[in-house]
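Working notes, structure below.
The numbers here are math on the coordinates, done by the rules we state, and not lab data. None of these values were measured; they are calculated from a predicted model. For neighbour counting, all protein chains shown are included, and Cβ atoms are generated from backbone atoms with ideal geometry for every residue, glycine included.
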């Protein structure tokens, strides 16, 4: 059965996030599955590189799905583009290696949190920016950010209380980018926990506003207590920027039980 | 009575254009007048550099108004920013020369028409772009554009049938900008007639698509017949980019009767 790799982007404003769930019909995954099932005349299950929360956008998300079809990818792509609403875009569709799985093979993710750091409004990109008009100490934010990089237990920086598995993740890089009136926080790592980028952003913003010391990051990490970190920044400023796949490698942390077997995860 | 100069931007998507009119409550001018009247506790009349059509955006529009007030401009600006909806932004507000009038003193305008020239969708800027996925011959478009520059009677390129005054305007420059998947048409001139930029864009697009010869522009101009030019491009891709004021000069064409007299236009 052919295996496909789909790249897509979306404006998450009106969606209840990526993941299809019982009572929330308005999800990206659900929309893609309904649309592809219609085009391919069979039930399609789509795997994304990871979930995005309600209101979070994606500049480049990767998904995979299998379908019994002779339609060439170009035809499926053209049909998808015709049927998807204007806030979800199909960027590309190719036939993938038989074992490719968008979540299990994903080795890195980059998220960008966009802050509008000006008193003057930005009307055109208002749905994709968090306005923070107060002056920000970007150097202090970068110092704090550097202390969060590396491999740590990020229990203090995620919001899933029922999460039983390891909260150890590796953040490769956090860049605080001064783009004039806009300040972007660019996070790259092997994976991020529920609300993790938004809590990291909220905490770094408190550093930038002088409400928290840059060098307090190691203490927050070692406390392993969500209450010690900053507020969760709103979803609207967050964009899944890019998703990386190292050929042949599968995700090494933390779901070691998710080993790839013919593209299907083994149960833990 | 102090005279003020306001710079603003707006996402025109949900508005019925700039100009306040009897039966259309949803105009930018009307919104500004209601908001300023509330802040300044008196009836305020706002003059814009010019009208924009329903659905047209402004990156920088200039308006002027007079008010009997002792409030400093910063206070009025802060109040405006609090009260205006998120799709209308007050960029700056200063006290202007007593004789300054946003429309009568305006000496140049720049409009940008943004085209998304790709089969892949652009979800984030979809409200500000016209999608034209077909290949465009940008060199032919630039040759045609150059033939439209200069001082001409633009009767063939405007949509106001009841327009009795001169249709002579000067286009200083039309630049066809290749920005990868985006193509921008940048028009600068002393003023533009009703639908003029959108008809110029529609005509240039037909040249780019090979449906019309680049060197046919002089014929269209000399025909003085709207039917000879191309289609009117949709409002959504059009942005009033900037407005120019030459200190001391007032608009010289075509409303010669609009001479400045204490900031008020003389009736024609």
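One table, with the values for the structure above:
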| quantity | calculated |
| --- | --- |
| Ranking of A:168, A:46 by count of other Cβ atoms within 10 Å, fewest first | A:168, A:46 |
| For residue A:134, inter-copy label distances in nm, listed shortest first [label point 7 Å out on the Cα-Cβ vector] | 5.5 |
| Cα centroid of region B:104-146 to Cα centroid of region A:197-222, whole Å | 43 |
| Of A:151, A:110, A:232, the one that fluctuates the most in a GNM where chain A has Cα springs shorter than 10 Å | A:151 |
| Projected area, mean over directions - region A:50-156, Cα convex hull, nm² | 10.6 |
| Over region B:133-174: Kirkwood hydrodynamic radius from C-alpha pairwise inverse distances, Å | 12.1 |
| Label-point separation, residue B:92 to residue A:95 (7 Å along Cα→Cβ), nm | 5.9 |
| Fewest-first ranking of B:32, B:130, A:138, using other Cβ atoms within 10 Å as the exposure measure | A:138, B:130, B:32 |
| Percent RCO, i.e. relative contact order, over region B:107-242, from Cα pairs under 8 Å lying at least 6 residues apart | 38 |
| Inter-label distance for residue A:34 and residue B:168, nm, one decimal - labels placed 7 Å from Cα along Cα-to-Cβ | 6.0 |
| Nm distances between copies for residue A:119, ranked from closest, using label points 7 Å along Cα→Cβ | 5.0 |
| Computed lengthening from residue B:224 to residue B:24, 0.36 nm per intervening residue step minus Cα-Cα distance | 68.8 nm |
| Gain in span if fully extended, residue B:231 to residue B:51, counting 0.36 nm per residue against the direct Cα distance | 62.7 nm |
| Nearest-to-axis residue of chain B, judged by beta-carbon position, where the axis maps B onto A, in Å | B:125, 4 |
| Value of relative contact order over region A:3-104, rounded to a whole percent, pairs C-alpha under 8 Å and six or more apart | 43 |
| Helix-only [θ]222 nm of the protein assembly as shown, DSSP H runs n ≥ 4, -39500 (n - 2.57) each, per residue, nearest 500 | -6000 deg cm²/dmol |
| Nm distances between copies for residue B:71, ranked from closest, using label points 7 Å along Cα→Cβ | 5.8 |
| Where labels lie 7 Å past Cα in the beta-carbon direction, separation of residue A:246 and residue A:126 in nm | 4.4 |
| Dimensions (Å) - chain B, Cα atoms, principal axes, largest first | 59, 43, 34 |
| GNM result for chain A, Cα springs below 10 Å: residue of A:187, A:100, A:163 fluctuating most strongly | A:163 |
| Relative contact order (percent, whole number), chain A, Cα cutoff 8 Å, 6+ residue spacing | 24 |
| For region A:139-220, average projected area of the Cα convex hull in nm² | 5.3 |
| Principal axes of region B:3-104: Cα extent on each, largest first, Å | 35, 29, 26 |
| Isotropic mean projected area of the C-alpha convex hull, the protein assembly as shown (nm²) | 29.2 |
